[in-house]
Amino acid sequence: MELHRSLLKDATENGLLSEQQAEQLWQFLAERGKDTPSFSFTHVLYYLGGLIAIGAMSIFMTLGWERFGGWGLFFIALAYAGAGLWLTEFFLYRSRLLVPAGIMATFVVVLTPLAVYGLQSALGWWAEGKVFREYHTHIDWRWILMELATLVSGVVMLSRYRLPFLVMPIAVTLWYISMDLTPFLFGDTDLRWELRKFVSLWCGLLIVLLAFWVDIRTRHDKDYAFWLYLFGVIAFWGGLSMMHSDSEFNKFVYLCINLLLIAVGAMLSRRVFAVFGGLGAAGYLGHLAYSVFKNSMIFPFILTVIGLVVIYLGIIWQRREEMISSKLRELLPLPVKELIERRH
């Protein structure tokens, strides 16, 4: 439950808090939450400006910048990185503004592929006809060195500044690697598209496991695992959903995996699992409706009953949630138990 000022007012009206205590508690919570990312207007402006600047040096890079040549791009990236580092230090240590500091530190990491591309191009190590803007739009094994350099840059910056938003470029880069790894390892083969699905699935699963490890390690700290969960689930679910099978049993297994994702999302309080699991379950039901039971009159009625049963199970769960949850948590290791309690 989110705590709003109206709840504190209700607490004072019911004699649980005095007005002075309610005001002091609200000020304390507001101070503690000012550096937590939210949809406040201030934070929207922070992230909007930051994403525009980051996009300018990555996704929205125009072909005109190729005229600067390799050395030009390399030194421009270094100059921008120097400015970004100065702003990170200024926001973090002088202004005590953690969100803008995290955005600026991320901006520095995002410049790494441009710097590496410029250096490679200047030294004549880059393939003819390739341009930097394709880094974010085309799958190609030649990006691997740029991606590895970005990972190193991200890890160094994260160890230096400990700002959660810095995990975002690391997670995105791991996702990029999951796509570029297949042509890097197997080259151009007739099975490349099928292999890419498997590589995406297993890389996504590894990123999710990494996110869970990070979540456990930082359970008493800030949320460093969010971006890893997001792009890990995207890679895993995307690879899984693109796999084709004519077997109804395999499709049912796909449904079970998506239901498991929903359960994991509920347990860890991570909506990304529930969102993609829900999409997968809806896709399976669509398959049943439009393929398996397309001429059936009773299928919609059965589906309605199933929906009502699920709602009834939700009612039972709500009534006995505390008792069931406490018994289940007793079976978990202490770190996992602490993680779940903190995220809830």
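Derivation of every value follows stated rules applied to the coordinates shown; laboratory data play no part. None of these values were measured; they are calculated from a predicted model. Using ideal geometry, Cβ is built from the backbone for each residue, glycine included, and neighbour counts are taken over all protein chains shown.
Taking the Cα centre of the range 248-344 as the origin and placing charges on Cβ (Lys, Arg +1; Asp, Glu -1), which of 266, 253, 298 is farthest toward the positive end of the dipole? It is 266, whose Cα lies furthest towards the positive end.
Suppose only helical runs count, i.e. DSSP H with n ≥ 4. What mean residue ellipticity at 222 nm does that imply for the chain under -39500 (n - 2.57) per run, divided by all residues and rounded to the nearest 500 deg cm²/dmol? Here the helix-only value at 222 nm equals -24000 deg cm²/dmol.
Exposure proxy ranking for 323, 104, 157, 267, based on other Cβ atoms within 10 angstrom of each Cβ and starting from the fewest, stands as 323, 267, 157, 104.
Look at 76, 315, 103, 59 and count the other Cβ atoms within 10 Å of each Cβ; fewest to most, that gives 315, 59, 76, 103.
This ranking places 176, 312 by how few other beta-carbon atoms lie within 10 Å of each, fewest first, which gives 312, 176. Taking 11, 101, 281 as the candidate residues, the one with maximal mean-square fluctuation in a Gaussian network model of the chain, Cα springs under 10 Å, is 11. When +1 charges are put on Lys and Arg Cβ atoms and -1 charges on Asp and Glu Cβ atoms, the dipole computed for the chain relative to its Cα centre reaches about 260 debye. A protection proxy built from the mean count of other Cβ atoms within 10 Å ranks the segments 219-228, 296-305, most packed first, as 219-228, 296-305. Considering only 224, 199, 136, and ranking their Cα positions along the charge dipole of the chain that arises from unit charges at the beta-carbon of Lys, Arg, Asp and Glu, the one farthest toward the positive end is 224. When you restrict to C-alpha pairs under 8 Å that are six or more residues apart and normalise by the size of the range 40-244, the relative contact order lands at 18 percent. For residue 327, a cut-off of 27 angstrom between C-alpha atoms picks up these lysines, skipping any fewer than 8 places away in its own chain: 337. With a/c under 1.5 counting as rounded, go ahead and sort the chain into rounded, prolate or oblate using the C-alpha gyration tensor (a ≥ b ≥ c being the square roots of the eigenvalues; past the cut-off, prolate if a/b is larger than b/c, else oblate). Cα axes put the chain in the oblate bin.
Shown for the chain are the DSSP H helices of 20 Å or more along their axis, judged by Cα atoms, with a mean Kyte-Doolittle hydropathy of at least 0.5: 41-56, 69-89, 144-161, 167-186, 192-217, 226-242, 248-268, 271-287, 299-330. Cut-off 10 angstrom, C-alpha nodes, Gaussian network model of the chain. Which of 133, 217, 94 fluctuates the most? Looking only at 133, 217, 94, the biggest GNM fluctuation is shown by 94.
With an a/c value of 1.5 or above and a/b not larger than b/c for the gyration tensor axes a ≥ b ≥ c computed over the alpha-carbon atoms, the range 40-244 is described as oblate. Each peptide in 206-214, 66-74 gets a packing score, the mean of other Cβ atoms within 10 Å over its residues, and the list from highest to lowest is 206-214, 66-74. Straight Cα distances below 30 angstrom link residue 130 to the lysines 197, with same-chain residues fewer than 8 positions distant left out. A dipole drawn for the chain from +1 and -1 charges on Cβ atoms has a positive end, and of 51, 151, 17 the residue lying farthest that way is 17.
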